[in-house]
Structure formats: structure tokens, C-alpha cells
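Worksheet for the structure shown next.
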Amino acid sequence: MRVLVVEDDSRLSTQICAALEAAGFAVDGAADGEQGGFLGETEPYDAVVLDLGLPKREGGVVLRDWRRKGVKTPVLILTARDSWREKVEALDAGADDYLAKPFHTAELVARLRALIRRSSGWADPILRAGAVEFDTRTGEASLNGLAVTLTAQESRVLGYLLLNAGRVISRVEIGEHVYGYDSDPDSNTIEVFVGRLRRKLSADLIQTERGRGYIIRKSA
């Protein structure tokens, strides 16, 4: 999944981005509220980590502006402000979760995974389609209970299709959610990953809707 981290502390931002990338996320970073607000409004993220005390535009202002404009991306507030009133204000402004500094990166990663699952209608960290299972915590897949080795990009593509099971996903949309802002993947690359997943898991798991994209059917 693709995540935006809006944090002005460069050292902390680097730490967060590294932890998220190690956990299998595609990550973009922004160092101030102006840049973060623009990216959150114009790019298709699966979740956002948003600091409140940002230069140029305060995080709470950015969040309220997103919600006013209809941006529904799940937002986790990350801040040194830890009073209950500020937590309530952030949640009432449209935040989905709140984590105070200092924090453990493992908790941040787990909270983001949970936010993304819930926003896609999944409660269980194990996504299932027929005999295929995918663990969102580890990025590991299995077929009939036997582990199947996937590359990092294959795992991202499978995870995104499973989270959106029942909906046709275009190649462009898949690329937007498994690559970062600075990447420009060829649409044929996604086709290659889908072909590999079919060979490794099941030829019928990912179906093609001609001229539209791919779908994993919920009844699979």
C-alpha cells in the first residue's frame, strides 16, 4: 500500500519512512503542511501519517481542508501534543487514529495496517480468496496452506487486489498504489506481476475485465 508521511523532523521522518518501506509500503514524504496538503489532495494514498506541528500550514488545518474537499484517505495523527482535548479536536476534524510521540515504529506500522484494512472493509489481518491466503502483517501468501514465495512488488499487487476484492482495478490504479510519487512504472509491468501471481497461486484468482483492468471476485 502507498502511504504519505507528513513530518518536519527530518530524522524522525527518515526513521518512519524506512520502517514503513521495510514493512512493504510504498512511501512518500513531505516536510511541511503546504507540500503535504497538496500531495494528500492530489495523490491516491491508502493512508497518511500527519504531524500537527508543521511549518507553513498546521496539520489540523491541512486535515480539515482535506475533509472539506472530500478527501477520505485514512489519517493517523502523529504528534508530541498529548492532551486529551487535542486528541478530541483531531478526531473531530476527521482523523482516524492518534499516536503520541515518542512511539514504537512497530505500533505505528500495525495501526496503519489496521486503518487500511478497515477502510477496505476487512477486519481480519488475513485476506482470503478461495484457497489463497495473504497475511497483511508479513506480506506472505499461501495456497492450500502451503507458503508461496512472492517478490516485494508481487506482494504489493496481490495485497491491493485482495483489499479491493469485488472491484475492477485498472493497471494505472494498481501502479499508483504500489509505487511512490517519484516512480513512473510502465503499465506492462503490472501485467507481468499479475501473470506471475497467476502462475504461482491460481490461474483463476485474478480475472481480466477487458479494457477495464483486473478483479479478484469475493466469491473466489
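Details
- Candidates Val3, Val61, Val75, filtered to the one that is among the β-branched types (Val, Ile, Thr) and within 18 Å of Thr136 (Cα to Cα): Val3
- Test: residue in the range 11-26 that is aliphatic (A, V, I, L, M), part of a loop (DSSP other than H, G, I, E, B) and surrounded by fewer than 18 Cβ atoms within 10 Å (Cβ to Cβ): no
- Residue that is nearest to the chain's Cα centre (by Cα), among those in the range 27-48 that are among the charged types (D, E, K, R) and assigned to a helix (DSSP H, G or I): Glu41
- For Glu133, the stated conditions do not hold, so it cannot be described as under 22 Å from Gly29 (Cα atoms), of a type in the set (Asp, Glu) and out of contact with any helix residue (DSSP H, G or I) (no Cβ under 8 Å at 6 or more places or on another chain).
- Residue selected from the range 20-52 under the condition modelled with pLDDT under 95 and small (Gly, Ala, Ser), by the criterion farthest from Lys72 (Cα to Cα): Ala22
- Near pairs, Cβ below 8 angstrom, 6+ apart or cross-chain, from the range 201-214 (touching a residue at least 24 places away in the same chain (Cβ under 8 Å) and on the phi > 0 side of the Ramachandran plot) to any residue that is among the charged types (D, E, K, R) and buried (at least 16 other Cβ atoms within 10 Å of the Cβ): Gly213/Arg171; Gly213/Glu173
The values are calculated or read from the model by the stated rules, or taken from the named source; none is laboratory data. If you're wondering where the values come from, they're calculated on a predicted model, not measured in any experiment. So basically every Cβ, Gly included, is an ideal-geometry build from the backbone, and we count neighbours across all protein chains shown.
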